[in-house]
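Note sheet for the following structure.
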Amino acid sequence: KNEVEQSPQNLTAQEGEFITINCSYSVGISALHWLQQHPGGGIVSLFMLSSGKKKHGRLIATINIQEKHSSLHITASHPRDSAVYICAVPRIQGAQKLVFGQGTRLTINP
Amino acid sequence: DTGVSQDPRHKITKRGQNVTFRCDPISEHNRLYWYRQTLGQGPEFLTYFQNEAQLEKSRLLSDRFSAERPKGSFSTLEIQRTEQGDSAMYLCASSFRRSGLNYGYTFGSGTRLTVV
């Protein structure tokens, strides 16, 4: 079992729909990252959160530390939101190098 | 400061050649990480620096790979005698570590290496 699991792996929706991507993790963490990667592109950090909820524009990220679960929501989705969304957690000890989920490929159709 | 910069963005090389990538982190960040991402997979940790000290290397980093951060600022990742299996996106990230936590974890756009 991977230390970081995302669901779904692929998601296709129509423009305007409300999107939810889930992330569950099994390691102890200090914070959780949500990242965005467009095809052939680098990675952009969307959120780093250690508790509660954060909002940036149409993006909302929540985390429940006790349940080891986080969600990324996109409201009023748009085709430009099409990308791979990756959940990543740093291990508490040592390097705090990130352990990545396998990513969720989101496609928003106009 | 516009974030983490990586150079080049793309590199195509013949098998057996040496390649070197550069990463310029955010200037006040004391930690620098290298990750590798192969097609369809999530990134995997390669190595990291605290200032100029290389503190950890992954088993993925064979002896053909070497990374340096000589003055605690920019870093280079060199691959000697490249193989087709080295084809991947090489990602750099930096952060500021204080009181046991990392702040401002920021990724560069990556260097895509294709070995032909």
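The numbers here are math on the coordinates, done by the rules we state, and not lab data. Owing to the predicted nature of the structure, the values given are computational and were not obtained by experimental measurement. Every residue, glycine as well, gets a Cβ built from its backbone with ideal geometry; the counts of neighbours run over all protein chains shown.
Tabulated values for the structure
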quantity	calculated
Amide H contacts of A:Ile65 (H built 1.01 Å from N, under 5 Å, at least 5 apart or other chain)	A:Gly52
Cβ charges +1 (Lys, Arg) and -1 (Asp, Glu), total dipole of region B:1-107, debye	180 debye
5 angstrom amide H check on A:Gly41, placed H, neighbours 5+ away	none
Within straight-line cross-link reach of A:Lys68, lysines at Cα separation under 26 Å, skipping those fewer than 8 residues along the same chain	A:Lys1, A:Lys53, A:Lys54, A:Lys55, A:Lys97
Inter-part distance where region A:52-110 and region B:1-61 are each reduced to a Cα centre, Å	23 Å
Residues whose placed amide H lies under 5 Å from that of B:Gln17, excluding near-sequence neighbours	B:Thr82
Sorted by Cβ neighbour density within 10 Å, fewest at the top, the residues A:Ser24, A:Ser51	A:Ser51, A:Ser24
Whole-number percent relative contact order across region A:48-110, with pairs defined as alpha carbons under 8 Å at least 6 apart	24 percent
Computed magnitude of the charge dipole of chain A (debye, nearest 20; Cβ of K, R +1, Cβ of D, E -1)	260 debye
Relative contact order for chain B, counting Cα pairs under 8 Å that sit 6 or more residues apart, in percent	36 percent
Spin-label pair A:Glu67/B:Asn51, simplified geometry with 7 Å Cα→Cβ offset, distance in nm	4.4 nm
Ratio Rg/Rh [Cα only; Rh per Kirkwood] for region A:9-90	0.95
